[in-house]
Each structure stands twice: as structure tokens, then as C-alpha cells.
Amino acid sequence: MNNDDREELYEMIDDVGTAMLVTETDHDLRSRPMSGKLYRDSGEIWFLTESESGKVQEISEDRTSNLTYSCPEKETYISITGTAALSRDAEKIDDMWGPWAKAWLQCEKDDPKVAAIRFKPQIAEYWAAPSSSLVQAWELAKANITDEKPDMGSNKTVAMS
């Protein structure tokens with residue numbers, strides 16, 4: 001992946017913020033919203049969690065996972081396939097900890113129930129359209145007049161590992 005594609009992807013992830021973490025349990029898929037932190041130097045996305053949560057059990061059985069980000073208002077969509085693993089990395093937990101984590105987990109950051117999920121991306125695909133419906137309408141109208149394909153934004157698939 002070239003640096004421009006990586007930066008465009010990272011900007012979209014930061015802009016949307018909350019992902020749906022998709023895991024598998026007994027051959028069924030399960031999704032839940034997760035607010036994580038992207039570490040641009042490694043490309044990893046980390047999440048705080050409770051060590052006894054259902055998602056922790058699911059990633060211990062099958063580490064292949066998916067993150068999806070969606071912001072219909074901005075016509076931004078991202079799907080990232082990768083692996084997820086439980087971590088007790090105190091440095092990462094400390095870096096991600098804040099008032100919202102304390103409120104959500106109802107404990108202090110050194111509590112044994114606090115853990116992190118490290119998501120290592122393998123491949124990502126993203127779609128980004130012009131954020132204005134007026135621009136999209138213009139592109140469609142122009143395409144009908146000129147018989148040229150409308151510029152409806154970008155769609156890229158990029159290897160992450």
C-alpha cells in the first residue's frame with residue numbers, strides 16, 4: 001500500500017471513530033460497537049475490554065476478525081480483515097485509559113478484569129464518496145450529458161501486512 005492510501009485510510013478511521021468488531025461463535029457472526037485507538041506506526045487498532053467478555057472468548061477460539069466503520073453522512077465505509085488477540089499490555093492500557101473507560105468498566109485500570117484487544121489488520125477495503133449529495137448529483141447529471149463515468153469517489157483494496 002502506498003503512503004497516500006494508508007493516510008487516507010487512517011484519516012477515515014480516525015474520523016469515524018467507532019467500529020463494529022465482528023467475531024465468530026459456533027459458526028455465527030457477532031458484531032458489537034467498539035471505540036478503539038489506531039496506532040499509526042504499527043497500523044494496529046487497540047480496544048479496551050473486560051477480560052471475561054464474550055468477545056474475548058470468541059477471539060480466543062478464532063482470531064480471524066473484521067472491523068467495519070461506517071459514516072453514511074460522509075459516504076465513508078471501511079472493512080478491515082485481520083486477527084484479534086487478548087493482551088494485558090499495561091503500557092497500551094495506560095495509554096488508552098481515560099474517564100470514559102473508568103465509567104464503562106467500573107474499575108481502575110490496574111484491575112485484573114481490564115484487558116485490551118489488539119487488532120492486526122491484514123487487508124482493508126474502503127469506499128469514500130464526495131461528502132456532498134449536491135456533488136454526487138452533479139457527477140450523475142454530468143455523466144448523463146457526457147456519457148462519461150461519474151466520479152463517485154474512491155474504492156481501494158489495500159494489503160496491510
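No lab work stands behind these numbers, since they all come straight from the coordinates. The model shown is predicted, which means the values in this text are computed figures rather than measured ones. All Cβ positions, glycine included, derive from the backbone under ideal geometry; neighbour counts span all protein chains shown.
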Listed by chain and number, the residues whose amide H is under 5 Å from that of M160, excluding neighbours fewer than 5 places away on the same chain and using placed H, are I123, A124
Answer in debye to the nearest 20: the dipole magnitude of the range 3-159 about its Cα centre, from +1 Lys/Arg and -1 Asp/Glu charges placed on Cβ, is 200
Cβ density ranking, 10 Å radius, fewest first, applied to E75, E108, E125 yields E108, E125, E75
The range 63-128 and the range 27-44 have their Cα centres apart by a whole-number Å value of 4
So, for the Cα atoms of the range 1-87, Rg and Dmax in Å stand at 13.3, 39
Of W104, W46, W127, the most mobile residue in a GNM of the chain (C-alpha springs, cutoff 10 Å) is W104
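Give me the one-decimal Kirkwood hydrodynamic radius in Å for the range 36-113, with the sum taken over alpha-carbon pairs. Before the final figure, lay out the partial values.
Numbers: mean 1/r = 0.0706 Å⁻¹.
That comes to 14.2 Å for the range 36-113.
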Residue span V16 to E50: 0.36 nm per residue of separation minus Cα-Cα distance leaves a gain in nm of 9.9 nm
For the range 3-159, the Cα gyration tensor yields equivalent-ellipsoid semi-axes (√(5λ), largest first, whole Å) of 35, 16, 14
So the number of lysine pairs in the chain with alpha-carbon atoms under 27 angstrom apart, 8 or more residues apart or on different chains, is 26
With label points set 7 Å from each Cα along the Cα-to-Cβ direction at W100 and S161, the distance between them in nm comes to 2.8
So N2 and H27, fully extended at 0.36 nm per residue minus their Cα-Cα distance, gain in nm 5.5 nm
Here P(r) for the range 84-126, Cα-Cα distances in 5 Å bins, as whole percents, is 5, 21, 27, 21, 10, 9, 6, 1
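Counting each pair of different Cα atoms once, what's the Kirkwood radius of the range 26-74 in Å, rounded to one decimal? Intermediate results must be reported in sequence, preceding the final value.
Details: mean 1/r = 0.0779 Å⁻¹.
Value: 12.8 Å, from the Cα pair sum.
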At q = 0.18, 0.34 1/Å the base-10 log of I(q)/I(0) from the Debye formula over the alpha-carbon atoms of the range 1-40 is -0.62, -1.07
Summing -39500 (n - 2.57) over every DSSP H run of at least 4 residues in the chain and dividing by its residue count gives a helix-only mean residue ellipticity at 222 nm, to the nearest 500 deg cm²/dmol, of -9000 deg cm²/dmol
